[in-house]
1. Which of His252, His338 has the fewest other C-beta atoms within 10 Å, and how do the rest follow up to the most?
2. Filter Lys328/Lys367; Lys161/Lys272; Lys317/Lys352; Lys272/Lys328; Lys157/Lys264; Lys157/Lys272 down to the pairs with a C-alpha to C-alpha distance above 23 Å, please.
3. Work out the FRET efficiency for Lys352 and Ala284 from their Cβ-Cβ distance, taking R0 = 25 Å, and round it to the nearest 0.05.
4. Can you tell me the length gained on complete extension of the stretch Ser51 to Glu311, counting 0.36 nm per residue apart and subtracting the Cα distance?
5. Between Glu300 and Val145, what FRET efficiency comes out of the Förster formula 1/(1 + (r/R0)^6) with R0 = 41 Å and r the beta carbon distance, rounded to 0.05?
6. If packing is taken as the average number of other Cβ atoms within 10 Å across a peptide's residues, how do 345-351, 225-231, 104-110, 267-273 rank, most packed first?
7. Determine the sum of side-chain charges near Val368: Lys and Arg each +1, Asp and Glu each -1, restricted to other residues whose C-beta is under 13 angstrom from that of Val368.
8. R0 = 41 Å: FRET efficiency of Arg138 with Glu369, Cβ-based, nearest 0.05?
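No lab work stands behind these numbers, since they all come straight from the coordinates. If you're wondering where the values come from, they're calculated on a predicted model, not measured in any experiment. As a convention, Cβ positions derive from the backbone with ideal geometry for all residues, glycine included, and neighbour counts pool all protein chains shown.
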Amino acid sequence: MNRAFTYIATSTVAGIIAAYIAVSLFTSPAQELSPSSVATPNLIHKEGPVSYASAVQQAAPAVVNIFTAKLTVQRGNSLFDDPLFQRFFGDRFKVQPRKKRQTSLGSGVIFSDRGYILTNHHVVADADEIRIVLSTGRTLDATVVGVDPDTDLAVLKTDTKDLPTLTVGSSQAVQVGDVVLAIGNPFGVGQTVTMGIVSATGRDQLGINTFENFIQTDAAINPGNSGGALINARGELVGINTAIFSKSGGSHGIGFAIPVALAKGVMDQILKKGRVVRGWLGIAGQDITPELADSFQLKEQRGVLVSGVLEGGPADKAGIQPGDVIAKIDNRVLTSSHDVLNIIAVIAPGEKVAIQGWRDGEPFNIKVEVSERPRIQKRE
């Protein structure tokens, strides 16, 4: 029995040793790694910090390139146009004006599979011809449905149906430090994606638009990106790329996008009413400075000084006068003249607001019926 047990034990140990040697000789180092240590292609594209390919693949088909063209008349400046020359020779030698076709480019975002596209107003302003190019290379004609110069937005329409769209995110949830990607057609090279972070939110008083509430980003935005999409890491639309701060014309890491909540509100009004309706008081104001506060003997350095009142406007009819200091509108405390513009803009024409302030050191409370903000007249 002892001999038999010894033989079996010896054979078992020898088998284990032989198996270990065989595994060591014929197993590659890669096969020795645990499954959790090997990165799979699917995992790479799902994890944001590794790749944003999934977000781009979701949003890019709904971003289009926009090409516009318009005819301009160039008048010659020659001796034949001189009034003295024409006095003696008339129009016999007068040079006829030449027509020139000017083209420009930009980007846009498909908001509806029915063919509605959102872009910047300056991209399509005064265009005689508008064509959009899908990410597949397909070219379509488009027309302007409506524009809002105050926010630099325009809505286009193409007759083609079943177009790709993207998911609309929440611009209110955007925070400084969030990763964002800008998709557009910079310099006409074709659809391009750049990455950055949200540098700031609520940027205003930049002098770009009448109504400003920009998302600032360092994602590269260049000429041709205007009207394109600013998306988050999940591929959701959070803004419409609009402008850059640059002295050279190229990206310096300071770009601005219109929040999608503001853009969608403008688009909805254009589609429902054909235009954007905003409230208006007909006043001009300036912020209260320490010097103004002392001059008007104000106890607090806040409010807005009325510097001008349009004759016949809502404020004029209600009795508002230059030199009045407005402290509150419907009990909302004002910190700058920009507040007046934004508060009144969202009030429907015909509604009344309570304006509280001071006149010659005495408090006043006046009800003003808001009118519709006049539309910007086209300059010839």
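1. His252, His338
2. Values: Lys328/Lys367 12 Å; Lys161/Lys272 20 Å; Lys317/Lys352 13 Å; Lys272/Lys328 32 Å; Lys157/Lys264 15 Å; Lys157/Lys272 14 Å.
Distance filter (> 23 Å) returns Lys272/Lys328.
3. So, using R0 = 25 Å, E works out to roughly 0.75.
4. Additional length available on full extension: 87.7 nm.
5. Between Val145 and Glu300 the formula returns 0.30.
6. Highest-to-lowest ranking by the protection proxy: 225-231, 104-110, 267-273, 345-351.
7. Taking every other residue near Val368 into account, the sum is -1.
8. After rounding, the FRET efficiency stands at 0.20.
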